[in-house]
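Okay, so here's the structure we're looking at.
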Amino acid sequence: MLPSGYEFLRRGKMISPFELDRLLGLNYFISNTAGVKGKLRQIADDFSVDEVFEDSREDDEGEYLHFIMEKRNWDTIRAVDNVSRALHISRKRFGYAGTKDKRAVTKQRMSVWNIERENLEVLNLKDIKLYNFVRSDERLNLGDLLGNKFKITIRKTEGDISQIKEVMQETVSQLSLGGVPNYFGYQRFGIVRPNTHLVGKKIIQGDLDGAVMQYIAKPYPGEREDTKEAREMLSETGNFKKALEVYPSRLNYERNMLDALVKNPKDFAGALRRLPKKLRRMLVHACQSHIFNEVLSEAIAEGINIRTKNIKLLGYKSGFSQDEIGRIEKEVLEREDLTMEQFKINSMPEVSVTGEDRRASINTKISFDVEDDELNPGLIKVSFSFFLPPGSYATTVLREFMKTDPLNY
């Protein structure tokens with residue numbers, strides 16, 4: 001039963017018309033406003049993220065060095081790879097509390113084991129700055145933060161200032177009642193190649209051959225032509241040696257996997273293990289995330305008050321929720337042709353997942369300004385600021401206001 005004040009939902013749920021949303025399980029908007037459209041990240045400074053921590057425990061004799069990594073147009077895993085190569089140390093010595101967007105300016109705390117600050121201070125890396133060095137006896141791990149502060153600008157919006165303000169204010173009002181659906185956002189799955197959940201599903205099902213080929217061989221329309229041609233050649237021929245010769249050098253993860261397959265064509269687990277462990281785990285988590293999104297979408301479709309609900313990130317120890325959410329979880333899992341037991345992955349035990357709870361909605365204070373767009377004369381920009389807890393995605397907030405093609409995020 002929907003509580004009083006949910007009249008905007010009673011008038012009919014807003015189904016996303018976008019194919020990518022449906023592919024990733026983001027089937028509904030909880031608000032029914034028209035949206036201001038627009039585009040994110042015209043410049044990197046339009047999307048700024050700062051991590052928020054409790055006061056850390058400093059220790060002058062600690063074996064870990066903590067520091068801030070400020071990066072521009074780098075995803076976290078590749079940025080860590082770049083720093084580790086520059087230092088000639090293993091990336092396994094680094095820890096961090098969360099992964100951050102590539103197309104953004106982000107500041108995140110990092111830890112690195114058994115190294116002196118002088119080694120990091122002298123690094124000169126393109127679009128990466130390292131500073132605020134302190135020693136600690138604690139390694140940073142995923143989730144070790146209070147959340148993230150976002151400052152985001154949408155440009156090229158549609159309408160005049162008064163129209164856009166009206167849409168913004170009504171959307172804020174609706175979200176304060178319904179809560180922002182805590183969907184996993186596009187970054188979890190990819191936009192140009194939205195297939196991380198498909199790779200993860202094949203790993204969970206034990207189809208490591210299929211997982212490898214989904215990762216390295218399946219082309220997507222938005223990719224560069226040389227990349228599509230290389231993937232298509234591998235899909236058609238299965239010739240790993242030839243593929244290694246023609247795959248663009250920028251596809252270093254794929255090339256590392258191909259190198260493993262040239263040396264041992266049947267060792268698909270070995271090829272997947274050429275990926276960083278955090279990335280391998282992210283592939284499995286992406287399958288969990290897709291299932292979560294589908295469950296959340298169905299809950300919205302059934303008119304369930306998501307503000308009071310948790311949804312399972314299913315794993316081999318999780319079980320189903322006890323209420324109507326549990327029924328939906330079971331239906332979605334069956335539809336995906338998966339079982340709970342399969343999340344214990346015998347072929348790659350290190351990426352097995354036990355399962356946990358995740359809130360179905362986010363409650364956050366959203367501030368905004370509507371102004372003339374200095375980069376696009378005659379158009380209007382909207383600037384946002386808000387805080388989100390760990391694991392929540394800014395794009396799931398912004399899509400309620402924009403309601404535009406996901407390629408614009």
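The values are calculated or read from the model by the stated rules, or taken from the named source; none is laboratory data. Just so it is clear, the model here is predicted, and its values are computed rather than measured. Positions of Cβ are backbone-derived with ideal geometry, glycine not excepted, and every protein chain shown enters the neighbour counts. All accessible areas refer to the heavy atoms of the entire protein, side chains included, with ligands and DNA or RNA removed. Shrake-Rupley method; radii C 1.70, N 1.55, O 1.52, S 1.80 Å.
Quick one: in segment 191-221, which of the residues that are touching a His at 6+ places or on another chain (Cβ under 9 Å) and not hydrophobic (A, V, I, L, M, F, W, C) is farthest from residue 313 (Cα to Cα)?
Of everything passing the filter in segment 191-221, 196 is farthest from residue 313 (Cα to Cα).
From 303, 326, 319, grab the single residue that is at pLDDT below 95, touching a Phe, Trp or Tyr at 6+ places or on another chain (Cβ under 9 Å) and outside any strand (DSSP E or B).
Only one candidate qualifies: 303.
Just one of (1) open to solvent by 30 Å² or more (accessible area, probe 1.4 Å); (2) among the charged types (D, E, K, R); (3) within 30 Å of residue 199 (Cβ to Cβ) trips up residue 21, so point out which.
(1)
Quick one: count up the residues across segment 143-152 that are out of contact with any Leu (no Cβ under 8 Å at 6 or more places or on another chain), crowded, with 16+ Cβ neighbours inside 10 Å and at pLDDT 95 or above.
Pass one, segment 143-152, residues out of contact with any Leu (no Cβ under 8 Å at 6 or more places or on another chain): 143-146, 149, 151.
Within this subset, residues satisfying the condition of being crowded, with 16+ Cβ neighbours inside 10 Å are 144-145, 151.
Narrowing the set further to residues that are at pLDDT 95 or above leaves 151.
The qualifying residues number 1.
Evaluate the following for residue 55: is it modelled with pLDDT under 90, touching a strand residue (DSSP E or B) at 6+ places or on another chain (Cβ under 6 Å), surrounded by fewer than 19 Cβ atoms within 10 Å (Cβ to Cβ) and at negative phi? Reasoning before the result, please.
Numbers: modelled with pLDDT under 90: yes; touching a strand residue (DSSP E or B) at 6+ places or on another chain (Cβ under 6 Å): no; surrounded by fewer than 19 Cβ atoms within 10 Å (Cβ to Cβ): yes; at negative phi: yes.
Answer is no for this residue.
What's the total number of residues in segment 32-67 that are assigned to a loop (DSSP other than H, G, I, E, B), polar (S, T, N, Q) and closer than 20 Å to residue 389 by Cβ? Working first, answer last.
Of segment 32-67, the ones assigned to a loop (DSSP other than H, G, I, E, B) are 32-36, 41-43, 53-57, 59-63.
Now narrow it down to the ones that are polar (S, T, N, Q): 32-33, 42, 56.
Then keep just the ones that are closer than 20 Å to residue 389 by Cβ; that gives 56.
The total comes to 1.
Restricting attention to segment 66-77, does a residue exist that is over 19 Å from residue 137 (Cα atoms), modelled with pLDDT under 95, among the acidic types (Asp, Glu) and out of contact with any Phe, Trp or Tyr (no Cβ under 8 Å at 6 or more places or on another chain)?
Looking through segment 66-77, at least one residue is over 19 Å from residue 137 (Cα atoms), modelled with pLDDT under 95, among the acidic types (Asp, Glu) and out of contact with any Phe, Trp or Tyr (no Cβ under 8 Å at 6 or more places or on another chain).
From the list 129, 165, exactly one residue is surrounded by fewer than 20 Cβ atoms within 10 Å (Cβ to Cβ), more than 13 Å from residue 69 (Cβ to Cβ), in contact (Cβ under 8 Å) with a residue 60 or more places away in the chain and out of contact with any Ser or Thr (no Cβ under 9 Å at 6 or more places or on another chain). Which is it?
Going through 129, 165 in turn, just one is surrounded by fewer than 20 Cβ atoms within 10 Å (Cβ to Cβ), more than 13 Å from residue 69 (Cβ to Cβ), in contact (Cβ under 8 Å) with a residue 60 or more places away in the chain and out of contact with any Ser or Thr (no Cβ under 9 Å at 6 or more places or on another chain): 165.
Residue-wise test of (1) in a helix (DSSP H, G or I); (2) modelled with pLDDT of 95 or more; (3) surrounded by fewer than 19 Cβ atoms within 10 Å (Cβ to Cβ).
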residue: 330; (1), (2), (3): yes, yes, yes
residue: 337; (1), (2), (3): no, yes, yes
residue: 341; (1), (2), (3): yes, yes, yes
residue: 347; (1), (2), (3): no, no, yes
residue: 353; (1), (2), (3): no, yes, no
residue: 374; (1), (2), (3): no, yes, yes
residue: 385; (1), (2), (3): no, yes, yes
residue: 397; (1), (2), (3): yes, yes, no
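Would you confirm, using the coordinates I've provided, whether residue 172 is β-branched (Val, Ile, Thr), in a helix (DSSP H, G or I) and crowded, with 22+ Cβ neighbours inside 10 Å?
It is false that residue 172 is β-branched (Val, Ile, Thr), in a helix (DSSP H, G or I) and crowded, with 22+ Cβ neighbours inside 10 Å.
Which one is farthest from the chain's Cα centre (by Cα) among residues in segment 121-155 that are of a type in the set (S, T, N, Q) and over 16 Å from residue 51 (Cβ atoms)?
124
Residues that are modelled with pLDDT of 95 or more, open to solvent by 30 Å² or more (accessible area, probe 1.4 Å), within 27 Å of residue 50 (Cβ to Cβ) and not in a strand (DSSP E or B): does segment 356-363 have at least one?
Looking for residues that are modelled with pLDDT of 95 or more, open to solvent by 30 Å² or more (accessible area, probe 1.4 Å), within 27 Å of residue 50 (Cβ to Cβ) and not in a strand (DSSP E or B), one finds none in segment 356-363, hence no.
Pick out the one residue from 84, 90, 111, 48 that is small (Gly, Ala, Ser) and surrounded by fewer than 16 Cβ atoms within 10 Å (Cβ to Cβ).
90
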